[in-house]
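Enquirer: Here it is, the structure in full.
The values are calculated or read from the model by the stated rules, or taken from the named source; none is laboratory data. Quantities reported herein were computed from a predicted structural model and do not represent experimental measurements. Here Cβ is always computed from backbone atoms with ideal geometry, including for glycine, and neighbour counts include all displayed protein chains.
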Amino acid sequence: MTVKQLTHTQGLGAIIGVVIMLAAFTMIDVSGWWTRQTIANVVQFTAILGFVAMGQALVIMCKEIDLSVGSVYGLTGVAFITLEPTLGVPGSLLAALVIAALAGLVQAIAVVKGQLPSMIVTLGGLFTARGIIYVWTGGSVHNFSEDARNHPVTRLLGGELFGIEAAIFWLIAVGLALNLLLWVTPFGNQLLATGGSKESAESRGVRSNRVKVTAFVLCALLAGFAGVLTLCDRPQTHVTLGELMELEAISAAVIGGCLLTGGRGSLVGAVLGAFIVVSFRYELIALGAPSSWYITFVGVVLIVAVIFNQLLARRLGHSV
Amino acid sequence: MKLTCKVLATTLLAATALSSVAVAQDQKQYRFVMVSHIGSNDPNMGWLTKSMEEFEKKYPNVKTEYISTNNYSVQEHVRLLEQAISTGPDGIAVPIVSSDAFEGPLRKAIDAGIPVVAFNIPDARPDGERIPYLTYVGGDEYLTGKKLGEYALAKVEAGEIPKPTRVVCASHDSAHQGLKARCAGMRDAMEKAGAKVDELFIGAEPATARNTLQSFLQANTDTNYVFTVAGWSSPWAWGVAKDMGLDPDVDGKGVTVLTVDEGPVSIEGVRAGHLLATNSQGFWLQGYAPMEWLYWNKEFGYAPQSDILTGPVIINKDNADNWATLVRGVFGDKAYDEQNTW
């Protein structure tokens, strides 16, 4: 990547943020931070949040927002575990992902056909999906049978491959595929054009409603897949699965360079944003701060990142 | 003769029916409401609702209602409480999750003649200052932590588990007075043995909680005891320690995990040797006894003169089998097995 290409990278702010953060952590906690265990811990959870953040980035790029991703993550996970005795592991995986996709589709249709604000629709989706989890589980936790835990699909999606968490491989694979979709196929241009100016995009033949529906469905699918990956690693449902994850995902996407005004964003940036968010949690705990400070720091980092990204974009001559 | 028989039979039927109505009217009808923070997202709700069903069977003239929050917040709980008071129930049972927040609405209810029983969590302030409820029925959260800590230390003395160097009390709700009291009890027990005790807010979302706890254990390598203040988070703690190679099973080395609750996860964790001990705070009694006291108060004017402790009862490997039998009886085999997440 040339310097020119780098400066045009939408996630440049996140790259700079990661470099500054790593430098700071190295200075204050070199022996604690640069250990295999620490990096493995941070990267493992980054992988899960990264999926949800990438989905959120896609939706934000087309000037919408999805507040339901945490609940969809939870609902998909619950579906995967509770349907397994009836459908088997592959069947419940498929059914769970269909549920996730349907959640995205229904919300997308309400947004584009009903001309409703996505914030309201997905807020409703958040409560609806969470309520379904409560009713479905009856407040109980559920477990995978020993056979289901040892099923090849479960082992492929969860646990470790070559000593590295499987979720990381999946993030790389899905991340590459989505980046190709965004930067090589016409869908990427259509998505950014829809987010930049819907009217202008439509005047050039972009079917912006279809683009938005695709973004919402992809977002829900990514959140659902993250839920499945989590439960393949630890096959125990809980009604709080994914609670508040939507806020972390939005933070990660915004820290990663997505503008809430649409038309700009980066999937790599969203993953780096997730890395920053998770790293801060680790380092605050490592430094002895009460873990409840974490959410405050995410707030501060979010505001700083927005200001920084805007300044950076203006300096590089991009519209914000 | 035929007509006389008909008149007599009709009179007899009417007299029987009227006397039944009179008996039914003699028995007062009551409605008691339990306003709880233990929602349908918490398996412990079953203890309370099932014991209230048993109470209704014994007292058919009493209707009990269970209302609760799911996404817990003190504000939401207060709102539910105010809604319950406005319906004019004959009695209220409520956990005093926040003395300050509950003081206003509960004093108003008591002034209006609605008897209140605190359950699960008491108003921790001294007698003259606390909300003037009838009595408290529940465990003692401070004693829960303290007795579990003391039990662990007894096992250390017996040479069965390692001496504690650092204990982390992993809590999912930073505003819950009861959970804080559990940690305080554990702190008081363990600090006497020379261990350092930290309180860690891990949240209730499983992946986030595991990540937070793992971060803590990596940064504080001298931690060798984890106390999860909810039973359902104990497998998370055990799993994290296992992944980190910290040998979390109950033996003479590595990390020792303690938890609370008499649910399937906690009991089966003890039986499997993953958890040293858990505790029962007598959840079944916490659903039943407040209703009984509200009934006795309304019907006969009785008032207990002290709090009624239903726990803590230590559940360890010696009595876990009996507890499993008891809990299976309440939850049913299917639910019990489904909820065993080990």
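Enquirer: Being surrounded by fewer than 24 Cβ atoms within 10 Å (Cβ to Cβ) and assigned to a helix (DSSP H, G or I) is the requirement here; does A:Thr261 meet it?
Expert: Judged against the criteria, A:Thr261 is not a match.
Enquirer: Listed residues A:Leu97, A:Leu105, A:Leu67, A:Leu58; which is touching a residue at least 24 places away in the same chain (Cβ under 8 Å), in a helix (DSSP H, G or I), crowded, with 22+ Cβ neighbours inside 10 Å and not β-branched (Val, Ile, Thr)?
Expert: Residue meeting the stated conditions: A:Leu58.
Enquirer: Hey, another quick one. Looking at B:Tyr142, B:Tyr136, which is the one that is more than 17 Å from B:Gly231 (Cα to Cα), of a type in the set (Ser, Thr, Tyr) and either away from every other protein chain (no Cβ under 14 Å) or surrounded by fewer than 22 Cβ atoms within 10 Å (Cβ to Cβ) (or both)?
Expert: None of the others qualify; the one that does is B:Tyr136.
Enquirer: Now, a different point. Can you tell me which of (1) under 25 Å from A:Glu248 (Cα atoms); (2) away from chain A (no Cβ under 14 Å) is the one B:Ala181 doesn't meet?
Expert: Only one criterion in (1) under 25 Å from A:Glu248 (Cα atoms); (2) away from chain A (no Cβ under 14 Å) is unmet by B:Ala181, namely (1).
Enquirer: When the residues of the range B:293-306 are filtered to those that are part of a helix (DSSP H, G or I) and out of contact with any strand residue (DSSP E or B) (no Cβ under 9 Å at 6 or more places or on another chain), which remaining residue is farthest from B:Asp123 (Cα to Cα)?
Expert: B:Phe300
Enquirer: Continuing with this model, one more query. Does B:Gly301 fit the bill of being under 30 Å from B:Arg31 (Cα atoms), within 14 Å of another protein chain (Cβ to nearest Cβ) and free of Cβ contacts under 8 Å to residues at least 24 places away in the same chain?
Expert: Details: under 30 Å from B:Arg31 (Cα atoms): yes; within 14 Å of another protein chain (Cβ to nearest Cβ): no; free of Cβ contacts under 8 Å to residues at least 24 places away in the same chain: yes.
When the stated conditions are applied, B:Gly301 does not pass them.
Enquirer: State which residue is surrounded by the most Cβ atoms within 10 Å (Cβ to Cβ) when the search covers only the range B:224-241 and only residues that are within 7 Å of chain A (Cβ to nearest Cβ) and at pLDDT 90 or above.
Expert: Ranking the qualifying residues of the range B:224-241, first place goes to B:Pro235.
Enquirer: Are any residues in the range A:229-246 under 17 Å from A:Thr137 (Cβ atoms) and within 7 Å of chain B (Cβ to nearest Cβ), and if so, which ones?
Expert: The answer is A:Thr230, A:Arg234, A:Gln236, A:His238, A:Val239, A:Thr240, A:Leu241, A:Gly242, A:Glu243.
Enquirer: Anything in the range B:307-342 that is of a type in the set (Ser, Thr, Tyr), outside any helix (DSSP H, G or I) and modelled with pLDDT of 90 or more? List them, or say none. I'd like the intermediate steps shown before the answer.
Expert: Step one: of the range B:307-342, the residues of a type in the set (Ser, Thr, Tyr) are B:310, B:325, B:336, B:341.
Subsequent filtering for residues that are outside any helix (DSSP H, G or I) retains B:310, B:341.
Once the filter is applied, which keeps residues that are of a type in the set (Ser, Thr, Tyr), outside any helix (DSSP H, G or I) and modelled with pLDDT of 90 or more, the range B:307-342 yields only B:Thr310.
Enquirer: To continue, here is another question. Cβ contacts < 7 Å: first residue at the interface with chain A (Cβ under 8 Å from one of its Cβ atoms) and farther than 21 Å from B:Gly39 by Cα, restricted to the range B:198-217; second residue among the charged types (D, E, K, R) and in a helix (DSSP H, G or I), any location; separation 6+ or different chain. Result?
Expert: Here the result reads B:Asn211/A:Arg281; B:Thr212/A:Arg281; B:Ser215/A:Arg281, each pair linking the range B:198-217 to a residue that is among the charged types (D, E, K, R) and in a helix (DSSP H, G or I).
Enquirer: For the range A:264-286, name all the residues that are assigned to a loop (DSSP other than H, G, I, E, B) and crowded, with 24+ Cβ neighbours inside 10 Å.
Expert: Hits for the range A:264-286 are A:Gly265, A:Ser266.
Enquirer: Residues in the range A:188-205: is at least one within 14 Å of another protein chain (Cβ to nearest Cβ) and among the hydrophobic types (A, V, I, L, M, F, W, C)? I'd like the intermediate steps shown before the answer.
Expert: Narrowing the range A:188-205 to residues within 14 Å of another protein chain (Cβ to nearest Cβ): none.
There is no residue in the range A:188-205 that is within 14 Å of another protein chain (Cβ to nearest Cβ) and among the hydrophobic types (A, V, I, L, M, F, W, C).
Enquirer: Looking at A:Phe216 and the list (1) modelled with pLDDT of 90 or more; (2) surrounded by fewer than 24 Cβ atoms within 10 Å (Cβ to Cβ); (3) touching a Leu at 6+ places or on another chain (Cβ under 9 Å); (4) not aliphatic (A, V, I, L, M), which single condition is not satisfied?
Expert: It fails just one condition, (2).
Enquirer: Restricting attention to the range A:180-195, report how many residues are at pLDDT 90 or above and under 15 Å from A:Arg264 (Cβ atoms). Before the answer, list the steps.
Expert: Kept after step one, since they are at pLDDT 90 or above, are these residues of the range A:180-195: A:180-182, A:184-195.
Then drop every residue that is not under 15 Å from A:Arg264 (Cβ atoms), which leaves A:182, A:188-195.
The number of residues fulfilling the criteria is 9.
Enquirer: Tally up the residues in the range A:278-313 that are polar (S, T, N, Q) and out of contact with any strand residue (DSSP E or B) (no Cβ under 9 Å at 6 or more places or on another chain), please.
Expert: The qualifying residues number 4.
Enquirer: How do the helices (runs of 4 or more DSSP H) wholly within the range B:139-223 filter down when requiring 2 or more residues that are modelled with pLDDT under 95 and small (Gly, Ala, Ser): which remain?
Expert: B:177-192, B:206-219
Enquirer: Is one or more of the residues making up the range B:264-281 without any contact (Cβ under 8 Å) to a residue 24 or more places away in the chain and either within 13 Å of chain A (Cβ to nearest Cβ) or not in a loop (DSSP other than H, G, I, E, B) (or both)?
Expert: no
Enquirer: Within the range A:257-286, which residues are facing another protein chain (nearest Cβ under 8 Å), touching a residue at least 24 places away in the same chain (Cβ under 8 Å) and either in contact with a Pro (Cβ under 8 Å, 6 or more places away or on another chain) or not aromatic (Phe, Trp, Tyr) (or both)? Don't jump to the end; show me each part of the working.
Expert: Just the residues of the range A:257-286 that are facing another protein chain (nearest Cβ under 8 Å), to begin with: A:278, A:281-282, A:285-286.
Retained after the next criterion (residues that are touching a residue at least 24 places away in the same chain (Cβ under 8 Å)): A:278, A:282, A:286.
Selection gives A:Val278, A:Ala286.
Enquirer: So, of the residues in the range A:287-298 that are assigned to a helix (DSSP H, G or I) and in contact (Cβ under 8 Å) with a residue 12 or more places away in the chain, which turns out to be farthest from the other protein chains (Cβ to nearest Cβ)?
Expert: Our first condition is that a residue be assigned to a helix (DSSP H, G or I); within the range A:287-298, this holds for A:293-298.
Now narrow it down to the ones that are in contact (Cβ under 8 Å) with a residue 12 or more places away in the chain: A:294, A:297-298.
Details: A:Tyr294: 8, A:Phe297: 13, A:Val298: 12 Å.
So, considering only residues that are assigned to a helix (DSSP H, G or I) and in contact (Cβ under 8 Å) with a residue 12 or more places away in the chain, the one farthest from the other protein chains (Cβ to nearest Cβ) is A:Phe297.
Enquirer: Further question on the same structure: Identify, please: which residue in the range A:120-167 is away from chain B (no Cβ under 14 Å) and of a type in the set (A, V, I, L, M, F, W, C) and is, among those, farthest from B:Lys50 (Cα to Cα)?
Expert: Selected residue: A:Phe162.
Enquirer: Working only within the range B:242-251, note down all residues that are without any contact (Cβ under 8 Å) to a residue 40 or more places away in the chain and more than 10 Å from every other protein chain (Cβ to nearest Cβ).
Expert: Selection gives B:Lys242, B:Leu246, B:Asp247, B:Pro248, B:Asp249.
Enquirer: Here's something else I'd like to know. When you check A:Val304 against the structure, is it surrounded by 19 or more Cβ atoms within 10 Å (Cβ to Cβ), among the hydrophobic types (A, V, I, L, M, F, W, C) and in a helix (DSSP H, G or I), yes or no?
Expert: It is false that A:Val304 is surrounded by 19 or more Cβ atoms within 10 Å (Cβ to Cβ), among the hydrophobic types (A, V, I, L, M, F, W, C) and in a helix (DSSP H, G or I).
Enquirer: If B:Pro60 meets every condition in (1) part of a loop (DSSP other than H, G, I, E, B); (2) at pLDDT below 95; (3) of a type outside the set (Ser, Thr, Tyr) apart from one, which number is that one?
Expert: (2)
Enquirer: Also, quick follow-up: Could you tell me how many of the residues in the range A:162-183 are farther than 17 Å from A:Met54 by Cα and either β-branched (Val, Ile, Thr) or loosely packed, with under 15 Cβ neighbours inside 10 Å (or both)?
Expert: Kept after step one, since they are farther than 17 Å from A:Met54 by Cα, are these residues of the range A:162-183: A:162-166.
Then drop every residue that is not either β-branched (Val, Ile, Thr) or loosely packed, with under 15 Cβ neighbours inside 10 Å (or both), which leaves A:162-164.
Matching residues across the range A:162-183 total 3.
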